[in-house]
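Heads up: the structure comes next, in structure tokens.
Laboratory data are not the source of any read-out in this text; all were calculated from the coordinates shown. What you see is a predicted model, and the numbers here were worked out from it, not measured in a lab. So basically every Cβ, Gly included, is an ideal-geometry build from the backbone, and we count neighbours across all protein chains shown.
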Amino acid sequence: MRASTRSTRALPLDIPRALRALRALSADPDETSHVFTIIDSLSGRAPEHLVALFHRTPEGERLLRERPSIVPVLADRAALRRMPEGSFAHAYLRFVESEGITAEGLVAASDKGRTGVQEAGSELEYASARMRDTHDLWHTITGYKGDLLGETALLAFNLPQVWNPGIALIVLLGIHRVRQPRVLRMVLGGLWRGLRAEHLPAIDWEPLLALPLEEARARLGVVPVDDYAPLRSEALRAEGRLAAGRLVAQPA
């Protein structure tokens with residue numbers, strides 16, 4: 001069992017670094033490390049609130065005490081495939097394989113984008129890592145794809161779950177970047193779903209993986225998004241709508 005090191009101090013704000021990352025994200029919306037940089041630079045007291053969420057439930061307390069890593073579980077795709085047909089695990093596999101992503105890749109993007117100011121071994125470090133490592137489970141449970149619309153809407157879902165100024169800024173960038181009515185609808189839908197759902201940051205996700213996807217959603221109070229046409233940056237570039245960090249708006 002790992003000793004608990006609690007850290008509740010606010011992280012220092014680095015607005016110039018956040019703005020540089022925001023410009024870089026506008027130019028290259030697929031570079032996930034910029035997202036982590038913005039969130040890391042503007043977190044302030046948000047991580048303190050995140051740790052408090054873990055302490056609200058016995059489940060969260062256990063996670064902070066035992067510090068299990070979910071990355072090996074998600075990386076073992078053979079084991080996930082052995083879970084029942086129609087399970088949460090199979091839906092997760094469909095998502096990550098369709099998007100061409102891995103649990104380890106998210107860790108690498110986080111390491112690239114963050115400053116490392118979090119105290120090593122602290123509850124804050126673990127809670128932040130747990131949020132990062134379960135990001136694609138949030139995609140799966142909500143039904144948001146890994147496109148520009150889906151990522152923006154999922155961040156909007158995240159806002160009422162764990163308030164973070166950096167996340168709010170990225171959501172506003174997503175709305176401004178596309179300037180289409182459906183983006184605003186997706187964002188508002190994400191906020192509504194995030195308010196309605198159970199608090200997901202301190203969820204023990206591992207036992208849910210073997211459940212039918214709809215049962216897992218029901219347990220967590222998640223209303224999945226209706227199917228939608230994804231908006232991919234490569235399509236925008238091919239249309240000449242994404243260049244030099246500027247997206248030329250078109251009617252929905």
Practice task
Find the all-direction average of the projected area of the Cα convex hull for region 15-58, expressing the result in square nanometres with one decimal place.
Solution key: 3.6
Completion exercise
Taking every other residue with Cβ under 12 Å from the Cβ of L200 and scoring Lys and Arg +1, Asp and Glu -1, one gets +2
Exercise for the section: Please report Rg over Rh for region 15-222, where both radii come from the alpha carbon positions and Rh follows the Kirkwood definition. Expected result: 0.94
Completion exercise
Once the dipole of region 15-222 is set up from charges on Cβ (+1 Lys and Arg, -1 Asp and Glu), the residue from the list W192, V51, T140 lying farthest towards its positive end is W192
